1. Within the stretch 38-49, identify whether any single residue is in contact with a Pro (Cβ under 8 Å, 6 or more places away or on another chain), among the β-branched types (Val, Ile, Thr) and under 23 Å from residue 163 (Cβ atoms), and answer yes or no.
2. Can you pull out the residues in the stretch 51-65 that are surrounded by fewer than 23 Cβ atoms within 10 Å (Cβ to Cβ) and either under 13 Å from the mean Cα position of the chain (by Cα) or of a type in the set (A, V, I, L, M) (or both)?
3. Could you tell me whether any residue of the stretch 51-62 is of a type outside the set (Asp, Glu) and touching a Cys at 6+ places or on another chain (Cβ under 8 Å)?
4. Kindly provide the set of residues from the stretch 173-193 that are over 18 Å from residue 236 (Cα atoms), surrounded by fewer than 23 Cβ atoms within 10 Å (Cβ to Cβ) and either touching a Phe, Trp or Tyr at 6+ places or on another chain (Cβ under 7 Å) or not β-branched (Val, Ile, Thr) (or both), ordered by number.
5. What pairs come up if the first residue lies in the stretch 47-58 and is in contact (Cβ under 8 Å) with a residue 24 or more places away in the chain, the second is buried (at least 16 other Cβ atoms within 10 Å of the Cβ) and not in a helix (DSSP H, G or I), and their beta carbons are under 6 Å apart, counting only those six or more places apart or on different chains?
6. It is to be established whether one or more residues within the stretch 228-238 are modelled with pLDDT under 95 and either hydroxyl-bearing (Ser, Thr, Tyr) or in a loop (DSSP other than H, G, I, E, B) (or both).
7. For residue 77, all conditions in the list (1) part of a helix (DSSP H, G or I); (2) of a type outside the set (Gly, Ala, Ser); (3) under 20 Å from residue 127 (Cβ atoms); (4) free of Cβ contacts under 8 Å to residues at least 40 places away in the same chain hold save one; what is the number of the exception?
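The values are calculated or read from the model by the stated rules, or taken from the named source; none is laboratory data. Computed from a predicted structure; not experimentally measured. Heads up, the Cβs are rebuilt from the backbone with ideal geometry, glycines too, and the neighbour counts pull from every protein chain shown.
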Amino acid sequence: MTPSLNNSQSREIYSNQQGIHDNLEKVVRKHLTFEFKKPPAKHTVSAFNRVSDLISAKQMPIIFDSCCGTGFSSRIIARQHPHHWVIGLDRSAKRLNKEDQEPLPDNCLIAQVDCVDFWNLAVKADWQLEKHFLLYPNPYPKSAQLKSRWHGHPAFVNLLKLGGDLEVRSNWQIYIQEFAEALRIAGQSCSGCEVYNPNEGDQKLEAVKPAEEYLTLFERKYHQSGQTLFRCLSSLRF
């Protein structure tokens with residue numbers, strides 16, 4: 001059963017920041033230089049061990065769907081990649097346990113974790129991803145919140161180390177512009193910030209072409225209310 005969606009207009013993101021943050025390069029270079037030493041939370045360690053045991057029983061390439069919310073996107077990605085493990089990660093038990101969700105495909109796992117800690121554990125376990133999706137993450141749009149955005153967070157380095165074809169989508173252009181610039185600063189090639197239309201097919205980086213038009217309910221809401229969507233693609237090499 002596909003969850004219902006309120007067709008009301010969605011608000012566009014408001015920010016007191018008008019372009020790429022002045023401190024972006026300084027922040028990214030600092031994180032590239034210093035090791036991130038935050039100890040992982042116990043619940044994330046337990047979830048990582050559980051996931052690790054499950055995927056070790058059947059060796060397949062790994063796809064992360066980080067900040068997956070209810071796991072709506074994880075289910076779609078898993079159906080489209082039946083020979084991959086698709087692991088949806090989100091810190092909210094309430095979102096992940098939402099009742100009106102379809103059953104998980106056999107190749108899909110959902111974990112209630114801190115993505116920062118899970119990425120760190122995956123890097124230490126030498127995991128290498130085939131693909132990694134960051135679909136409409138919290139933009140933290142205030143200028144003072146740069147370090148809360150994934151490209152301004154110390155965990156950005158672990159995201160790079162996980163490798164794979166990365167796809168980041170947002171309805172805030174500055175977020176994608178910054179993400180692309182952070183990748184450049186880190187020595188990664190990428191598509192830059194490009195307009196994304198969910199209704200059009202796509203061949204870049206063998207990116208997902210969902211049978212369902214939209215990978216997330218937010219994407220559907222934003223697109224159907226007339227907002228422009230943006231994305232950045234990169235094949236990570238660290």
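1. No: the stretch 38-49 contains no residue that is in contact with a Pro (Cβ under 8 Å, 6 or more places away or on another chain), among the β-branched types (Val, Ile, Thr) and under 23 Å from residue 163 (Cβ atoms).
2. 51, 54, 55, 57, 60, 62
3. Scanning the stretch 51-62 turns up no residue that is of a type outside the set (Asp, Glu) and touching a Cys at 6+ places or on another chain (Cβ under 8 Å).
4. The answer is 173, and nothing else.
5. Final answer for the pair search is 47/111; 47/113; 51/109; 51/111; 55/85.
6. Yes, the stretch 228-238 has at least one match.
7. All conditions are met except number (4).
Here's the yes/no breakdown for (1) surrounded by fewer than 18 Cβ atoms within 10 Å (Cβ to Cβ); (2) under 15 Å from residue 13 (Cα atoms):
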{"site": "138", "(1), (2)": "yes, yes"}
{"site": "151", "(1), (2)": "no, no"}
{"site": "154", "(1), (2)": "no, no"}
{"site": "170", "(1), (2)": "no, yes"}
